[in-house]
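One structure is given here, and the rest of the page talks about it.
The values are calculated or read from the model by the stated rules, or taken from the named source; none is laboratory data. Keep in mind that this is a model prediction, so the values were computed, not measured. Here the Cβ is made from the backbone with ideal geometry for all residues, glycine too, and neighbour counts use every protein chain on show.
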């Protein structure tokens, strides 16, 4: 049984020219699979890389900026990128499809989506080149070159698909597509060999405190180094790339106390206890103050945020057997091969997401446990210094020490043991 949204999106044409001329496991969905799985994704990757480089040029003040000695090369690249931007827009307006044979017209939804992404991608390339004429940076430029090469690989797949049946194509759409591919190839060649002569921008002052590279971290006075997690990128936080320098150093030699990063402000006891005191002052005004409610106000945000990761992890774990059941049913029913590929890919994606979500959950729970312990120990110590002589009779030094060493630590151990039990059970 066909999946209706997929049928609407791909609009497969059974028993027509493409089905007879193209030998592929996806059958009538081959055109949609190639356009969406190759061209669409390659342009989406290039779009993300260009947007990040644009952000570096416009917003990041911690990269070294240069001015170009000559802008003519950028003008040529800009002209080619402009043509690659206009071509998909023109095909959208004229509803000219490279996949329609024998003079038929119209665009399938997957073609419209792919053309919009292609136009947006090359528009971002054009904007990036325009910004580089005013302020050029060295960071991330090779990643953009990789994105362009990826797009060229997608173009090669497209040409390999349409050239064997070029006699059945509309000549206008075919020539327009080939000219665009030629411009993209020319653009990629020029970009790969483009090493401009740079001069340091006049009046520019580089901020030395941070580095764009996630493997570096902020130097502090006395040779100490602060944990780079807060300033790491989203990708680095997801895959824990910010801890790579410490692991590399541990691989080379044993790590000592001096090698460990200094705590960032959000993990320092001084900051945590001040926040807890503010929450406790509000809680003390209630008729029945509750310590747990004050702790939730000061530390609960990250705790519940970790719960979101735990729910997502459990959902991904349950999704695997369900997808496997659907895969087996599709094999028994004799569904097309591409259905099995989709289920297999979704199973892989579910396992990948489960691993990433479990890592985020574990890291959040451990951090909340340590924050809870340090907050309670500091609060007890702070309170003990302000006890009156009469109150000290009810709270001798041994009882206070027991509260610090046993009770506060027990809450941390309980939360961490619960985390470990969940991990071992899974």
In the stretch 281-294, residues that are surrounded by 12 or more Cβ atoms within 10 Å (Cβ to Cβ) and at pLDDT 80 or above total 4
Of all residues in the stretch 239-275, count the ones that are closer than 20 Å to residue 362 by Cβ, in contact (Cβ under 8 Å) with a residue 60 or more places away in the chain and assigned to a helix (DSSP H, G or I). 2
Consider residue 300 carefully, then state whether it is assigned by TED's automatic domain parsing to the domain that holds residue 362, part of a helix (DSSP H, G or I) and within 30 Å of residue 12 (Cα to Cα). no
All positions within the stretch 295-325 that are surrounded by fewer than 18 Cβ atoms within 10 Å (Cβ to Cβ), touching a residue at least 60 places away in the same chain (Cβ under 8 Å) and closer than 30 Å to residue 278 by Cα: 302
Kindly indicate whether residue 217 is modelled with pLDDT under 75, assigned to a loop (DSSP other than H, G, I, E, B) and surrounded by 13 or more Cβ atoms within 10 Å (Cβ to Cβ). yes
Kindly establish whether residue 145 is in the same structural domain as residue 185 (by TED's automatic domain parsing), surrounded by fewer than 19 Cβ atoms within 10 Å (Cβ to Cβ) and free of Cβ contacts under 8 Å to residues at least 60 places away in the same chain. yes
One residue is enough: does the stretch 56-76 have a residue meeting the conditions touching a helix residue (DSSP H, G or I) at 6+ places or on another chain (Cβ under 9 Å), at pLDDT 90 or above and either in a loop (DSSP other than H, G, I, E, B) or more than 28 Å from residue 174 (Cα to Cα) (or both)? no
The conditions are (1) surrounded by fewer than 17 Cβ atoms within 10 Å (Cβ to Cβ); (2) under 20 Å from residue 77 (Cβ atoms), and residue 165 fails exactly one of them. Which is it? (2)
